[in-house]
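Participant: Handing you this structure, nothing more for now.
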Amino acid sequence: MLYDSADSWRRAAHKRVVLFAMSGLGKSHVSKLLRKSGEWFHYSIDYRIGTRYMGELIADNAKREAMKVPFLRDLLMSDSIYIGSNITFDNLSPLSAYLGKPGDPAKGGLPIDEYRRRQAQFEQAERAALLDTEHFIGRAQDLYGYPHFVCDTGGSICEWVNPEDDNDPILTALSRSALMVWIKGSDAHTRELVRRFDEAPKPMAYRPDFLTRTWTDYLDQHGCPEAEVDPDDFIRWTYAQALAHRQPLYQAMARRWGITVDASDMAAVRDQADFAEIIARALPAARSQAKARA
């Protein structure tokens with residue numbers, strides 16, 4: 001672990017952390033709060049995916065839709081208009097819209113094969129963006145002079161790693177250069193996440209075997225053909241299963257590669273001093289677990 005005690009963390013001239021958790025538990029909120037201090041570089045994995053790795057795919061998809069409209073097609077073909085993605089830290093909608101939901105096209109769904117293709121594109125992009133973290137740590141310090149660094153990961157980080165593998169390439173790279181921090185939610189947090197997702201379901205990324213299983217189970221239980229699946233109903237139906245699937249993966253990541261902090265404590269963070277103290281309190285427990293494993 002990068003910081004071997006609470007004291008070494010407090011004294012560190014360069015504090016570097018990777019936050020991971022389900023979406024909605026405060027990763028981005030805390031990252032933005034730290035960024036506002038002027039001393040922390042905020043590296044957003046989803047922003048990196050949507051700009052560096054999938055920006056062209058997102059823009060081309062919008063152009064493809066525009067080409068279906070004769071008026072817009074003529075303007076595009078004559079280079080009279082420009083269509084691009086206006087993705088920001090606070091607006092990742094272009095990325096979500098491209099990822100989409102599987103099901104009935106009349107309800108905004110994608111054919112399952114196209115959905116799987118986009119899922120695979122996202123997986124490749126997220127793996128690359130995560131492995132870019134070390135590069136951005138150096139860039140933040142050398143180019144911009146930021147002393148501290150926070151990596152704000154997407155909720156799907158756990159889908160692409162094996163926490164039990166000592167040589168997992170992503171976890172090895174991340175833990176070598178930063179402290180892995182799991183923001184752990186309670187049962188009450190889980191119920192609130194489910195409630196909020198039910199009100200406004202949004203696209204998610206799943207590992208291929210999980211998607212295949214849930215898609216097959218949904219079709220069997222609802223007795224409908226693929227082309228008639230309600231996209232929002234499917235991802236609502238899948239969400240609670242995704243939470244249950246991801247929880248032990250996050251837990252193993254924290255146990256073997258980092259530390260755990262409670263979401264309720266993270267929600268109380270007001271400034272970088274509060275954040276530093278929460279991390280310091282969690283480090284001794286993590287070190288004790290590491291020694292026990294050894």
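The values are calculated or read from the model by the stated rules, or taken from the named source; none is laboratory data. Bear in mind the structure is a predicted one, so any value in this text is a computation, not a measurement. With ideal geometry, Cβ positions are generated from the backbone for all residues, glycine too; neighbour counts draw on all protein chains shown. Accessible surface areas use protein heavy atoms only, side chains included; no ligands, DNA or RNA. Shrake-Rupley method; radii C 1.70, N 1.55, O 1.52, S 1.80 Å.
Participant: Restricting attention to the stretch 162-171, and to residues there that are over 17 Å from the mean Cα position of the chain (by Cα) and closer than 16 Å to Arg255 by Cβ, which single residue is least open to solvent (accessible area, probe 1.4 Å)?
Facilitator: In the first step, residues of the stretch 162-171 are kept if they are over 17 Å from the mean Cα position of the chain (by Cα); the result is 164-169.
Then keep just the ones that are closer than 16 Å to Arg255 by Cβ; that gives 164-166, 168.
Working: Glu164: 104, Asp165: 58, Asp166: 99, Asp168: 9 Å².
Out of the qualifying residues, it is Asp168.
Participant: Next up: Name the pairs whose Cβ atoms lie under 9 Å apart, with the first residue in the stretch 11-37 and under 15 Å from Gly155 (Cα atoms), the second buried (at least 17 other Cβ atoms within 10 Å of the Cβ) and among the basic types (Lys, Arg), and 6 or more positions between them or separate chains?
Facilitator: Leu19/Lys27; Phe20/Lys27; Ala21/Lys27; Ala21/Lys184; Met22/Arg246; Leu25/Lys184
Participant: Just the residues that are free of Cβ contacts under 8 Å to residues at least 40 places away in the same chain and β-branched (Val, Ile, Thr), please, taken from the stretch 38-57. Can you show your working first?
Facilitator: Filtering the stretch 38-57 for residues free of Cβ contacts under 8 Å to residues at least 40 places away in the same chain gives 38, 51, 55-56.
Across the stretch 38-57, the qualifying residue is only Thr51.
Participant: Please go through the stretch 160-218 and pick out each residue that is more than 19 Å from Arg236 (Cβ to Cβ), in a helix (DSSP H, G or I) and not hydrophobic (A, V, I, L, M, F, W, C).
Facilitator: Residues satisfying the conditions are Pro169, Thr172, Ser175, Arg176, Ser177, Asp187, Pro208, Asp209.
Participant: Of these, Ala240, Ala286, which one is modelled with pLDDT under 95, open to solvent by less than 30 Å² (accessible area, probe 1.4 Å) and assigned to a helix (DSSP H, G or I)? Can you show your working first?
Facilitator: Values: Ala240 fails: open to solvent by less than 30 Å² (accessible area, probe 1.4 Å).
The unique qualifying residue is Ala286.
Participant: Scan the stretch 97-118 and report the pairs whose first residue is free of Cβ contacts under 8 Å to residues at least 60 places away in the same chain and over 9 Å from Ala227 (Cβ atoms) and whose second residue is in a helix (DSSP H, G or I) and open to solvent by 20 Å² or more (accessible area, probe 1.4 Å), with Cβ atoms within less than 6 Å and a gap of 6+ or a chain change.
Facilitator: Qualifying pairs under 6 Å: Tyr98/Asn61.
Participant: Ok, one more. Among the helices (runs of 4 or more DSSP H) confined wholly to the stretch 36-132, which include 2 or more residues that are open to solvent by 40 Å² or more (accessible area, probe 1.4 Å) and of a type in the set (Lys, Arg)?
Facilitator: On the way: elements: 45-48, 55-66, 70-77, 93-99, 112-131.
Qualifying helices (runs of 4 or more DSSP H): 55-66, 112-131.
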